[in-house]
Amino acid sequence: MAEAVAGRIAPDRAAVHSWLQAYGVYVGVGVLLLFNVAFTDHFLSAENFRTQAVQVAPILIVALGMALAIGSEGIDLSVGSVMALSTSLVALYLGYGPWVALLATVLGGIAIGLVNGSLVAFVGVQPIVATLALMVGGRGLALVLVPQLEDVRDPGMRALGSGDLLGVPYPVLIALALVLLVGFAVRRTTFGRQLLAIGDSRPAARLAGLPVRRVLLCVYVASGALAAVAGFLATARLQASDPTSLGSLMELSAITAVVVGGTPLSGGRVRVGGTVAGAVLIQLLTATLIKHDLPPSWTQIAQAAVIVLAVYAARERGKR
Amino acid sequence: MPPTRPGAYALSTRGLTKRFPGVLALDRVDFGVRPGEVHALIGENGAGKSTLIKVLTGVYAPDEGEVLRGGGPVSFGTPLAAQRAGISTIYQEVNLVPLMSVARNLFLGREPRGRLGLIDFGRMHRDGERLLSDYGVRADVRRRLGELGVGAQQMVALARAVSVDARVVVMDEPTSSLEPREVETLFGVIRRLRDRGVAVVYVSHRLDELYAVCDTVTVLRDGRTVHTGPLEGLERLRLVSLMLGREIGEVRAEGTTKFGGDHEAASAEPVLHAEGLSVPHQLHGVSFTVRPGEVVGLGGLLGSGRTETVKAVAGAVPRSAGRVTVAGAPVRTGSPGAAIRAGVSLLPEDRKSEGIVPGLSVRENIALAVLPRLSRAGLVSEARIDSLVRTFMERLRIKASSPHQKAGELSGGNQQKVLLARWLAAEPRVLLLDEPTRGIDVGAKAEVQKLVDELAAEGLGVLLISSDLEELIEGSDRVVVLRDGAVVDELTGDDVTEDRLMEAIAGAAEEEPHSEAPAETPAAVPMGDSAPGSAREGAPHG
């Protein structure tokens, strides 16, 4: 029965699909870069790269947390609302200084993550339902705290949003640091290994004595905290607290970045590098269409096409 | 051996060759099955059985050679074409629709129609019942297929296959998830098929079954036919030696299982104490002990509570009452992690869904349970994992292209060895083995049996569950017999024999004919329905 040859029905096609799922996103980024270099005016300018990088940073940070949730065979729909809550908390606590505001937003993200994680790990609610509840409730809470747009005037926040170190904007530096941190956690820590095992086979992980509940709790706490940081950075860049729209549809962009980056929705695998490329791909796609004067609706259609392509590549690599 | 009279075969092959990248799966294989014959197809994993079956049933196209059906060469191209040519395949896993009724499954795609082209359910149910009863199967055809036991589902698959006028039925390890009683029913069905002139190809690892139901046997080894002939008069040892490619004297000297003699453990203090283990509806006060260096068998039928017992000990199923102590220290319930730290490791019955993490590498699978021990401040030490993995891959002779190969790609035997390595790495004091050799090839089976012996000799306490009576008897120093979730007997010393064990298992049958069936289930569906052990065990983990 379990002969070695059993899985090799069409080795070439399976291999192509597997390669596409893992590395197709890099090809996509490369193609878009070449296209822009050839056809977009002023694309190869430091100013443009800076803009693109600053814009992609929040998506990327949120996508990192999403990658962890998806790797555990879950999902976190509440990230956009966590960003909204963050921006409200910034408005409320900025009076005590930017560091206090940062602390408050991260604690807020952790709190949402704890609720998500408890629902998933201890109550046993499906992740999509648990985080959907927080997605709706989180933004509601943000609007209760700060009902309308408020300007954020703080020199520290402005420096964070528009300053740089050796030419690299702060948000980008922070995003890169978080990429390294999450990548390290996935590859080198017991948490990361256990997360992948739980995502791949929950019953096997449980019988192997892994702390399944604790790991799942940590996943959602991490996702919440990362989304909070993203919300803080976005607020700093916009110089305004706008809980109505900040982070709106962010969960979808993050899921797209993760899935396009080759992390399977069936769990058991987290591609951090792919997630970075996935976020960049979405950003480039949007920027390309805008620069060529296509209406924003086209961006959504293009994103949909990319998702379909990613799903097509993942098609033959379903859960075993 | 080659088809001298092609017309005599219902289905045959000539010089069949099939290559996969890096593997010659079939090497000029000649094979033929006659109408009214049950033909055993055996061989170790990797011998080419699955490939041959897949060529016969149109899943693969051969690279060279041909398949002959009724005397003429055929080329199926697709499984559907093979089915149309009267060749049906029953796989290990039933591939029917579990949410539809038994009758709908039986007539799927060819439902009897009434006026207006609507399905005539009355007729379908009558025909379905008649069809099943033809094969000695009593089942309510209105029930959903998924509610039946695995055995009953297989009978339905078989009845369906035959009723679509199959002239050749290929069965790939049909008994791997059946309990003994269901196997008997299945054999009855197979004999009926044979009497009706159907040609049956029967693939199984279990030698007892071959002798019980097959007429002829073909042995494959390394993609070649090494023997074809009548099974009668062929010695069991000769068969094993053909499969393994080893000399008879060698096999005889070591017996057919790899277990050695008894272990000297009788005097030591028990390392595992289980007292009054209870799990609602499943276990009712099970008590036993295991001493260091002792292999204790857990006997009983499917559904008697063997798997629940080891799971309750290992913390995988919460107990409602009872206590477990390891070397005097109590083990908390409901936490596999706590049990592992206390020194209890469980090799689960369901290797695929509860054991192996298929997407992770062999290396990660082996290290999975001991990650915290191999880490410092949450950081994994790759060097320590490497050395651990190297040690166990060598000791257990795990065959993988590298430690980084995905565990899901390994053969069953090697997956089982990976799991054993995972549990041995946890340095247990008590090892609970639930069907450690089920569904793995003869070679790996012998290695696992030998390993169990070695571990006991090193002082590990072992609790062994096996539905292979020979294995249970030869492997165990003592056998605790369960029935209906309670200990009914304990065999020691010279009483550890197959006869005594079967007596003990059958004990209550005289007093209480339906002892395994819960009282609330009427005997309408006799097969497996009352004790779908694995289905029930799966539930809590959802």
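The values are calculated or read from the model by the stated rules, or taken from the named source; none is laboratory data. Keep in mind it's a predicted model, so treat the numbers as computed, not measured. For neighbour counting, all protein chains shown are included, and Cβ atoms are generated from backbone atoms with ideal geometry for every residue, glycine included. Accessible surface areas use protein heavy atoms only, side chains included; no ligands, DNA or RNA. Shrake-Rupley method; radii C 1.70, N 1.55, O 1.52, S 1.80 Å.
Look at B:Ile340 and say whether it is β-branched (Val, Ile, Thr), in a helix (DSSP H, G or I), facing another protein chain (nearest Cβ under 9 Å) and under 26 Å from B:Ala444 (Cβ atoms). Yes.
Any residue at all in region A:20-33 that's away from chain B (no Cβ under 14 Å), at pLDDT below 80 and open to solvent by 10 Å² or more (accessible area, probe 1.4 Å)? It would help to see each step written out before you state the result.
Step one: list which residues in region A:20-33 are away from chain B (no Cβ under 14 Å), which gives A:20, A:23-33.
Restricting the remaining residues to those that are at pLDDT below 80 gives A:20.
Then keep just the ones that are open to solvent by 10 Å² or more (accessible area, probe 1.4 Å); that gives A:20.
For region A:20-33, residues away from chain B (no Cβ under 14 Å), at pLDDT below 80 and open to solvent by 10 Å² or more (accessible area, probe 1.4 Å): present.
Scanning region B:55-99 for residues that are within 14 Å of chain A (Cβ to nearest Cβ) and under 20 Å from the mean Cα position of the chain (by Cα) gives B:Thr89, B:Ile90, B:Tyr91, B:Gln92, B:Glu93. Whenever a residue of region B:103-119 is touching a residue at least 12 places away in the same chain (Cβ under 8 Å) and assigned by TED's automatic domain parsing to the domain that holds B:Arg130, its partners that are open to solvent by 80 Å² or more (accessible area, probe 1.4 Å) and of a type in the set (D, E, K, R), lying with C-beta atoms within less than 6 angstrom and at least six residues away or across chains, give the pairs B:Pro112/B:Arg123.
Within region B:309-320, being away from chain A (no Cβ under 14 Å) and within 22 Å of B:Glu490 (Cα to Cα) holds for one residue alone: B:Thr309.
Residue-by-condition table, conditions (1) more than 13 Å from the chain's Cα centre (by Cα); (2) outside any helix (DSSP H, G or I):
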{"site": "A:Asp41", "(1), (2)": "yes, yes"}
{"site": "A:Asn48", "(1), (2)": "yes, no"}
{"site": "A:Ala53", "(1), (2)": "yes, no"}
{"site": "A:Ile61", "(1), (2)": "no, no"}
{"site": "A:Gly65", "(1), (2)": "no, no"}
{"site": "A:Glu73", "(1), (2)": "yes, yes"}
{"site": "A:Gly80", "(1), (2)": "no, no"}
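Scanning region A:177-195 for residues that are within 7 Å of chain B (Cβ to nearest Cβ) and surrounded by fewer than 19 Cβ atoms within 10 Å (Cβ to Cβ) yields a count of 2. Take B:Leu99 and decide whether it is farther than 30 Å from B:Leu26 by Cβ, aliphatic (A, V, I, L, M), surrounded by fewer than 18 Cβ atoms within 10 Å (Cβ to Cβ) and in contact with a strand residue (DSSP E or B) (Cβ under 8 Å, 6 or more places away or on another chain). So B:Leu99 fits the description; yes.
As a summary of the residue check, B:Asn45 satisfies the conditions (1) part of a loop (DSSP other than H, G, I, E, B); (2) at pLDDT below 85; (3) away from chain A (no Cβ under 14 Å) except for the one numbered (3). Residue count for region B:404-414 satisfying the condition of being open to solvent by less than 50 Å² (accessible area, probe 1.4 Å) and either more than 10 Å from chain A (Cβ to nearest Cβ) or in contact with a strand residue (DSSP E or B) (Cβ under 9 Å, 6 or more places away or on another chain) (or both): 2.
Which residues, counting only those in region B:307-336, are among the hydrophobic types (A, V, I, L, M, F, W, C) and not in a strand (DSSP E or B)? Steps first, answer last, please.
We begin by selecting, within region B:307-336, every residue among the hydrophobic types (A, V, I, L, M, F, W, C); these are B:310, B:312-314, B:316-317, B:321, B:324, B:326-327, B:329, B:331.
Residues satisfying the conditions are B:Val310, B:Ala312, B:Val313, B:Ala314, B:Ala316, B:Val317, B:Ala327.
Just one of (1) away from every other protein chain (no Cβ under 12 Å); (2) under 27 Å from the mean Cα position of the chain (by Cα); (3) part of a helix (DSSP H, G or I); (4) not polar (S, T, N, Q) fails for B:Arg363. It is (1). Within region B:53-78, the set of residues being closer than 14 Å to B:Val168 by Cβ, surrounded by 16 or more Cβ atoms within 10 Å (Cβ to Cβ) and not hydrophobic (A, V, I, L, M, F, W, C) comprises B:Thr57, B:Gly58, B:Arg69, B:Gly70.
Name the one entry in B:Val418, B:Val357 that is within 12 Å of chain A (Cβ to nearest Cβ), in a loop (DSSP other than H, G, I, E, B) and crowded, with 24+ Cβ neighbours inside 10 Å. Talk me through it step by step, then tell me what you get.
Details: B:Val418 fails: in a loop (DSSP other than H, G, I, E, B).
Within the list B:Val418, B:Val357, the selection yields B:Val357.
Among residues of region B:354-378 that are on the phi > 0 side of the Ramachandran plot, those with a beta-carbon under 9 Å from a residue that is aromatic (Phe, Trp, Tyr) and open to solvent by 20 Å² or more (accessible area, probe 1.4 Å) at least six positions away or on a different chain give the pairs B:Gly378/A:Phe191. Residues of region B:164-178 that are open to solvent by less than 40 Å² (accessible area, probe 1.4 Å), within 20 Å of B:Ser133 (Cα to Cα) and either of a type in the set (D, E, K, R) or not in a loop (DSSP other than H, G, I, E, B) (or both): B:Val169 alone. Given the structure, is B:Leu96 under 30 Å from B:Asp441 (Cβ atoms) and at pLDDT below 85? The answer is yes for B:Leu96.
When the residues of region B:301-347 are filtered to those that are in contact (Cβ under 8 Å) with a residue 12 or more places away in the chain and charged (D, E, K, R), the one that is surrounded by the fewest Cβ atoms within 10 Å (Cβ to Cβ) is B:Arg332.
Picking from residues in region A:203-252 that are within 14 Å of chain B (Cβ to nearest Cβ) and touching an Asp or Glu at 6+ places or on another chain (Cβ under 7 Å), the one that is surrounded by the most Cβ atoms within 10 Å (Cβ to Cβ) is A:Leu207. For the residues B:Arg143, B:Arg138, B:Arg181, B:Arg123, the requirement of being open to solvent by 10 Å² or more (accessible area, probe 1.4 Å) and farther than 30 Å from B:Glu349 by Cα singles out B:Arg123. For region A:89-145, which residues satisfy the criterion of being of a type in the set (Val, Ile, Thr), open to solvent by 30 Å² or more (accessible area, probe 1.4 Å) and within 21 Å of A:Gln239 (Cβ to Cβ)? Across region A:89-145, the qualifying residues are A:Val100, A:Val106.
Could we say that B:Pro270 is modelled with pLDDT under 90, within 24 Å of B:Val496 (Cα to Cα) and open to solvent by 20 Å² or more (accessible area, probe 1.4 Å) here? For B:Pro270, the condition - modelled with pLDDT under 90, within 24 Å of B:Val496 (Cα to Cα) and open to solvent by 20 Å² or more (accessible area, probe 1.4 Å) - is met.
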